[in-house]
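Read through the structure below, which is laid out as structure tokens, and then see the notes.
Please treat every number below as a calculation from the coordinates, not as lab data. Since the model is a prediction, treat every value here as computed from it, not as a measurement. Cβ: placed from backbone, ideal geometry, glycine included. Neighbour counts: every protein chain shown.
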Amino acid sequence: MNTRTIAFANQKGGVGKTTTAVSVAACLAELGKRTLLVDLDPQANATSALGLQKLEGGSVYQALLGGAELAASIQPTGIENLSMIPSEVDLAVAEVDVARAENYLHRFRLALQPIHDSGQFDIIVVDCPPSLGILTMNALAAADRVVVPIQCEYFALEGLAVIMRVIQQIHDSGANPGLELSGIVMTMFDGRTNLAQQVLEEVKKHFGPKLYKMSIPRTVRLAEAPSFGKPITKYDPSSYAAWAYRQLTEEILEREAPRPAEPIVPASA
Ligand SMILES: Nc1ncnc2c1ncn2[C@@H]1O[C@H](COP(=O)(O)OP(=O)(O)OP(=O)(O)O)[C@@H](O)[C@H]1O
Ligand SMILES: [Mg+2]
């Protein structure tokens, strides 16, 4: 299998992008997939969540501008099969610098190319910042699939329409014809509330099978894990949250599998 790139994106802040990207990356590693997590957010939350240092010059920033090899920024995480490219504050400047560079939408794709070619990873997981700025756009232009985490709240649907339009545009404009929505995942889900149920039904109605079957529960274990620098699979491996992320990871992988060719003659004919 070629290296696959999956971006975790939603322009809305605090919806569970980082928690989901870090947890899914850890679950992929647990399954034996050679996984690279790229922190593309200047907030560097994914970097701290895995207990890595924010080193000046250690992020994707220089490589985005063509000044360094991206592979040189790959760090081990102490977790088998899981490596990471950390973030740092300087990445915020990249929004401005990259916007002025030639080919500004494809800088990340170009920087990733040698890592793809080396074949050293099965999957690259990208944690995006909460905006539709240059960094997120670069992630979408480089990705094969997008996972959109949403929080179960009333305004979730409005935000969802925006990111769906952007994914469609990146696909249709030719910026990345290979880009597809993998799915939408509900995070911080509390099935006891009517609101959570209503939002779930609404998303199901609009997006049907694109909504993953597994919703991620709201649990303090997920909120605590980053302060220990560990993903949930290491912090509390037998928790319901770890199980939920393992289920979600299986669904994401199923959607990566090559689909059987459509029958030329429909079965009903
Ligand atoms: N399922 C969950 N249960 C409880 N707390 C959660 C859960 N998922 C995320 N959180 C907490 O909610 C906050 C926001 O989550 P997270 O950082 O993953 O969102 P984000 O979309 O990456 O945010 P940002 O847009 O700022 O990058 C964090 O404090 C996180 O620990
Ligand atoms: Mg985040």
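Values as computed for the structure displayed
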{"quantity": "DSSP-defined beta bridges in the chain - what % are antiparallel, rounded to 5", "calculated": "5 percent"}
{"quantity": "Mean Kyte hydropathy of -1.0 or more with a Cα span along the axis of at least 20 Å, helices from DSSP in the chain", "calculated": "156-172, 240-256"}
{"quantity": "Peptides ranked, highest mean first, by Cβ atoms within 10 Å: ranges 236-245, 96-105", "calculated": "236-245, 96-105"}
{"quantity": "Packing-based order for 186-193, 205-212, using average beta carbon neighbours within 10 Å, highest first", "calculated": "186-193, 205-212"}
{"quantity": "Interatomic Cα distance distribution for the chain, bins of 5 angstrom, percent", "calculated": "1, 6, 13, 18, 20, 17, 12, 7, 3, 1, 1, 0, 0"}
{"quantity": "Spacing of the two label points (7 Å from each Cα toward its C-beta) at L200 and D90, in nm", "calculated": "4.6 nm"}
{"quantity": "Computed magnitude of the charge dipole of the chain (debye, nearest 20; Cβ of K, R +1, Cβ of D, E -1)", "calculated": "520 debye"}
{"quantity": "Convex hull of Cα atoms in the stretch 67-209, direction-averaged projection (nm²)", "calculated": "10.7 nm²"}
{"quantity": "Cβ crowding within 10 Å averaged over residues, with 123-135, 53-65, 18-30 ranked highest first", "calculated": "18-30, 123-135, 53-65"}
{"quantity": "Potential extension, K213-D172 segment - 0.36 nm per residue separation minus Cα distance", "calculated": "12.0 nm"}
{"quantity": "Nonlocal amide H pairs with I124, under 5 Å, H built at 1.01 Å", "calculated": "R4, T5, I6, L36"}
{"quantity": "Too-long pairs where the Cα-Cα distance tops 22 Å, listed order kept, from K33/K205; K17/K54; K33/K234; K54/K230; K33/K230", "calculated": "K33/K205"}
{"quantity": "Sum of -39500 (n - 2.57) over DSSP H runs of 4+, divided by residues of the chain (222 nm, nearest 500)", "calculated": "-12000 deg cm²/dmol"}
